[in-house]
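FYI, it's all coordinate maths here, none of it is from the lab. Model, not experiment: these values are computed from the prediction. Using ideal geometry, Cβ is built from the backbone for each residue, glycine included, and neighbour counts are taken over all protein chains shown.
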Amino acid sequence: MLVRLSAAIAAAALLSSGALAQDAKPTDPQIAHIAYTAGVIDVTAAKQALDKSKNKDVKAFAADMVRDHEAVNKKALALVKKLKVTPEDNDTSRTLSKNAAAKLKELSALKGAAFDKAYVDNEVAYHKAVDGALETLLIPSAGNAELKSLLQTGLKIFQGHEQHAEHLAAELK
Amino acid sequence: MKPAGYFLIVAAAGLALSGIATLGSSVPAHAATVQITMRDLEIAPAAADAKVGDTIEWVNDDIFVHSATARNGDWDVTLPPNKTVRLVLKKAGAIDYYCRFHPNMKARLTISP
């Protein structure tokens, strides 16, 4: 229930906030900003989990998140530099960051198994939302072929994360 | 660092030799190098054959860290992004292996004595 609710909120943040819902598809500089922001959010959440969790599996999952999302973002930075594109802040990025900050605060109040469950449930919801946005909005809207290809790689790896998070969530029950 | 084509030739020669060896001759089999690539979160080829003494050359073409981890615990090779790591095979067996970090990446290596 909690998962479904946060998934809905996250999806709403990605898909129906601000300019993106009404207006035409996002531009490449906006897409780059959204994708990068989404990655940073997950790395920050993972670092909080590495700091707070005592659960070996949760920590291993969080370490995977840091490693993979940092790898994608490093590549994204190199790409925007190469393409001379300046990522452009936008309502979707802002809403994502705002929601993530609230979630981080909410999780900081939890401990032990309660923290683990809330973190992993949110990871399931978050990856679902991000994967959905990549699939239906960001990848189809991307104009540059290299950007599109990086987003596709991102989608593939994040789908793996989603499965991993779901598996972990089932184990924590 | 030799070109990939070279290894394919060596691997093919190794297979040819192993074919001869099974006929009962005492021709010593030369150790071959078998190249396996991890690209776009997939292992190719997903099924490979090699012999004890051969070298497996795992090429990680991805921006992610991968591993080649044998399910039976025989080996666990970490593959940094965009790097190639070699392993000399010491034990025979049909080994299922996967990437520890991305468990959807699965493959099998059949190692004959």
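Of the residues A:110, A:155, A:138, the single one that is within 11 Å of chain B (Cβ to nearest Cβ) and either touching a helix residue (DSSP H, G or I) at 6+ places or on another chain (Cβ under 8 Å) or part of a helix (DSSP H, G or I) (or both) is A:155.
Take the range B:57-70 and flag every residue that is away from chain A (no Cβ under 14 Å) and within 9 Å of residue B:85 (Cβ to Cβ). Step through it out loud before you land on a result.
Taking the range B:57-70 first, the residues away from chain A (no Cβ under 14 Å) are B:57-59, B:68, B:70.
Selection gives B:57, B:58, B:59, B:68.
Residues in the range A:69-93 that are surrounded by fewer than 17 Cβ atoms within 10 Å (Cβ to Cβ), of a type in the set (A, V, I, L, M, F, W, C) and within 14 Å of another protein chain (Cβ to nearest Cβ): A:77, A:78, A:79.
Against the condition small (Gly, Ala, Ser), part of a helix (DSSP H, G or I) and either more than 14 Å from chain B (Cβ to nearest Cβ) or in contact with a Phe, Trp or Tyr (Cβ under 8 Å, 6 or more places away or on another chain) (or both), how does residue A:102 come out, does it pass? Answer is yes for this residue.
Being more than 26 Å from residue A:152 (Cβ to Cβ) and of a type outside the set (A, V, I, L, M) is the filter; apply it to the range B:71-90 and report the residue that is farthest from the other protein chains (Cβ to nearest Cβ). So, considering only residues that are more than 26 Å from residue A:152 (Cβ to Cβ) and of a type outside the set (A, V, I, L, M), the one farthest from the other protein chains (Cβ to nearest Cβ) is B:90. Looking across the range B:91-107, the residues that are within 9 Å of chain A (Cβ to nearest Cβ) and either within 15 Å of the chain's Cα centre (by Cα) or in contact (Cβ under 8 Å) with a residue 40 or more places away in the chain (or both) come down to B:102, B:104, B:105.
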